[in-house]
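Nothing in this text is a laboratory measurement; each read-out follows from the coordinates by a stated rule. In this text, all values refer to a predicted model and were calculated from it rather than measured experimentally. Glycine also receives a Cβ, built like all others from the backbone with ideal geometry; neighbour counts cover every protein chain displayed.
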Amino acid sequence: MPSEEISPRNSTLRNTVAPYLEYLAKNVAEHAPYITPNMITIGATVGSLAIDRAIVRYPENRFGLGWLRVGLTVMDAFDGALAREKAKLDPNGSSTNNNGQLLDAACDKIQEVSIAMAAAETAYNQGDRAGAALHIASGITSSWPAIMRSKNELAGNIVGEGLWGARTGRFILNINATSINADRISPNLHRPIANVLGAMSLWQNVSNANKRRQALKPGSEHVIGVADSATAQSASARLKILNAINIGAISYLGARAYQKTRS
């Protein structure tokens, strides 16, 4: 397996799995060129949304569905690796790559909101309003780190992902969807486990966003590089999408929470 360059902006987890994803992406790009990154992005998103609804509607199958959701998250991480390999084979496909980056950013956040709502609805159904509030807050704040990253890139800064990175927040919620059925182990464990994981995800969103907010200050230690003009231009378009998704997430999650409390 070829060794890949480790990026200082990426999280520890992303740099750990990157060589394996790149190796797989290289083989797919060479032997199955008809598979595009956008196919992976859209397929993983549609599948994830369907599983999130099934987790709520069919709680008896929640354990298996949750791990299937984890698998789709891993597949979703593969789209970026495939896009980079295709860019090497077709350097002139930059416009398609830029559009794919915007699609990927939007789908990532839609998935995070979806799994947060699934976890919140499950908690409501179990009479756990505190846990539901944690998951709703996690869904509302899920776009904040990416918004602050885009603002930094517009200002010419490159910022890192932190120890684990934003993508792991969704991974934590995925495991939450499985462990929330932890009464397979003990009927007294499923609420504490779900609530702790929900709090971890919320903390990750807020702390990463705050660190990136501090990076906007002159001379901040959180800036690890200088963004070029192409990165800044992409960040401008991405910021508009992320702001729209964040407003939509607040509206959707708030409306669902109100509906649940009234029912």
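At a glance:
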| quantity | calculated |
| --- | --- |
| Nearest-0.05 FRET efficiency for GLU60 and TRP203, computed from C-beta distance (R0 35 Å) | 0.65 |
| Sites ALA244 and TYR34, calculated FRET efficiency, Cβ-Cβ separation with R0 25 Å, nearest 0.05 | 0.20 |
